[in-house]
1. Among the residues of the stretch 197-226, how many are in contact with a strand residue (DSSP E or B) (Cβ under 6 Å, 6 or more places away or on another chain) and either closer than 30 Å to residue 78 by Cα or in a loop (DSSP other than H, G, I, E, B) (or both)?
2. Considering only the stretch 475-521, how many residues are at negative phi, of a type outside the set (Val, Ile, Thr), open to solvent by less than 70 Å² (accessible area, probe 1.4 Å) and outside any helix (DSSP H, G or I)?
3. Name the single residue, out of those in the stretch 268-285 being basic (Lys, Arg) and assigned to a helix (DSSP H, G or I), that is nearest to ligand 2 (Cβ to nearest atom).
4. Hey, could you check the stretch 241-259 for residues that are modelled with pLDDT of 90 or more and within 16 Å of ligand 2 (Cβ to nearest atom) and say which is most open to solvent (accessible area, probe 1.4 Å)?
5. When you check residue 475 against the structure, is it among the hydrophobic types (A, V, I, L, M, F, W, C) and farther than 21 Å from residue 389 by Cα, yes or no?
6. Select from the stretch 276-289 the residues that are surrounded by 19 or more Cβ atoms within 10 Å (Cβ to Cβ) and either under 19 Å from residue 77 (Cα atoms) or touching a strand residue (DSSP E or B) at 6+ places or on another chain (Cβ under 9 Å) (or both) and list them in ascending order.
7. Would you point out the residue of the stretch 182-199, among those that are open to solvent by 60 Å² or more (accessible area, probe 1.4 Å) and of a type in the set (Asp, Glu), that is nearest to residue 163 (Cα to Cα)?
8. Out of the residues in the stretch 169-223 meeting the condition of being within 16 Å of ligand 2 (Cβ to nearest atom) and acidic (Asp, Glu), tell me which one is modelled with the lowest pLDDT.
Amino acid sequence: NDVDTFRDRLEGLVVPPKVLTRIEEELDKLSVLETGSPEYGTTRNYLDWLTAMPWGVHSADQLGLSHAREILDRDHDGLKDVKERIIEFLAEGTFKGDVGGSILLLVGPPGVGKTSIGRSIAEALGREFYRFSVGGMRDEAEIKGHRRTYIGAMPGKLVQALKEVEVENPVIMLDEIDKMGQSFQGDPASALLEVLDPEQNVDFLDHYLDVRLDLSKVLFVCTANTLDSIPGPLLDRMEQIRLSGYIAEEKLAIAKNHLWPKLLKRDRIPKKRINLTEAALKQVIEGYAREAGVRQLEKQLHSIVRKSAVKLLENDQQSVKVSVNNLEEFLGAPLFRQEQVLKGEGVVTGLAWTSMGGATLPIEAGKVHSLTRGFKLTGKLGEVMQESANIAYSYVLGHLSEYGADSDFFDSAFVHLHVPEGATPKDGPSAGVTMSTALLSLAKHQSVRSLAMTGELTLTGQVLPVGGIREKIIAARRSKIFEVILPEANRRDYDELPGFLKEGVTVHFARHYQDVAKVAF
Ligand code: ATP
Ligand code: MG
């Protein structure tokens, strides 16, 4: 009978006294209730959850660093600094004797391997892994459960997780914590803090379970695309590890060593039956998957595998060869053509940084007519970016002759400044130097050299530091731009980049807009 089943489950568990008392009460209740009555059902259900928690059950951590390195390297190419951070984290854990009570935050654009690194951390530690997305969550109850008085009440995700993994110390991954927030019932920050904060989660209270649960042994790993929408108090308690995206060479290695073998293995197609040439693979990366991560690349490769499978069967072929020449048979026309960098008078390439990773951001300035003086802006620009456009306009207007342009150019010019790719919202001050260069190029009737730039501009022409240098350099390389202008104050960020990112890049550091103009024209 049920009572015996529940008692059997408690065998070998170290149930906290208060919980034990509750279980005994409920068992007493169950034994006097009539089987088949609704109350019997709810009580039984409740006991089912109470006795399914892994009270006092832990898995032993495996803290060997060389073992961890092996696993991280086996599953991931590149990501040297990320792996190093994780090793450091494990090393600390070895001394503390415990890695629980920490919250890691893996932040970076889609498809760069955040989820996959999280899995490897669990495997390296020899811990169970459970993952759920908080991105779509609408209701606090999904995290903290419903009160039992609700019809159809359920415990929240954390309780569900512990039931599933059967230990108190799994690695729990909370995906997309930056996408929570919107339309969330209750306060998402405080709900998450209750779960994540080691000071609060020793006695986490799920509304359904209604007894305290210790989550402090859990290693939480969160993932996010940006930091902007993560509540401050939460962010303060997290150890951030940034993944910034891959350059073509890294993608090639990832595709060859991981994605392609994984896809073939999954479909059980012997390796030699589909021969994808290296040149074709490079073309897939260049022409079909220009993104920070490798998710799109993986999809395109999958598509090659599917179409090859059809060919193998229909033509009764021993093998198919996928080369640059026949690639379009598999993937259609390339999505990206060689160099899409806009050029000409009034056009300048900026470098932007969004939740999707770095990107080149062309900026166009054009003269609409000569009837009046005026200035308008388009391109779905955020408030800060509009302000920097205004600063750029004022600065250039005030210094025309200094930079060799007609000093009354703007007196009879209605100027339009546009940031293409209108569908993407853009914000931030980092396009200041780019916008002023576009305006100056227009006024000087002179195109700029083929380079990209980023930097905030002040009214007096000072160039201030900006974020995302690494992502921006990656983006410039992706667009085949190898000369960049960066703010002087970002010199250190640039110097700290790994060698393979800096290779072949000419960089100019600017303190003042004069330094920018000198290089750009
Ligand atoms: P999202 O933000 O969209 O959730 P993500 O960062 O979690 O993206 P993953 O799902 O971990 O991305 O990675 C996408 C795919 O690319 C996975 O199959 C993963 O194994 C593979 N991958 C990503 N980076 C690497 C790498 N450095 N080495 C090998 N494989 C990788
Ligand atoms: Mg993910």
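The values are calculated or read from the model by the stated rules, or taken from the named source; none is laboratory data. Predicted, not measured: the structure shown is a model, and the values here were computed from it. Here the Cβ positions follow ideal geometry from the backbone for every residue, glycine too, while neighbour counts run over all protein chains shown. Heavy atoms of the whole protein, side chains included, go into the accessibility calculation; ligands, DNA and RNA do not. Shrake-Rupley method; radii C 1.70, N 1.55, O 1.52, S 1.80 Å.
1. 8
2. The qualifying residues number 11.
3. In this case the residue turns out to be 282.
4. Within the stretch 241-259, the subset modelled with pLDDT of 90 or more is 241-243, 246, 250-259.
Going one step further and asking which of them are within 16 Å of ligand 2 (Cβ to nearest atom), we end up with 241-243, 246, 254, 258-259.
Numbers: 241: 5, 242: 96, 243: 3, 246: 13, 254: 16, 258: 38, 259: 9 Å².
Among residues in the stretch 241-259 that are modelled with pLDDT of 90 or more and within 16 Å of ligand 2 (Cβ to nearest atom), the one most open to solvent (accessible area, probe 1.4 Å) is 242.
5. Values: among the hydrophobic types (A, V, I, L, M, F, W, C): yes; farther than 21 Å from residue 389 by Cα: yes.
Yes.
6. 276, 280, 281, 284, 285, 289
7. Pass one, the stretch 182-199, residues open to solvent by 60 Å² or more (accessible area, probe 1.4 Å): 182-183, 185, 187, 199.
With the extra rule that they be of a type in the set (Asp, Glu), the set shrinks to 187, 199.
On the way: 187: 26, 199: 23 Å.
Within the stretch 182-199, the match that is nearest to residue 163 (Cα to Cα) is 199.
8. If we take residues in the stretch 169-223 being within 16 Å of ligand 2 (Cβ to nearest atom) and acidic (Asp, Glu), then 178 is modelled with the lowest pLDDT.
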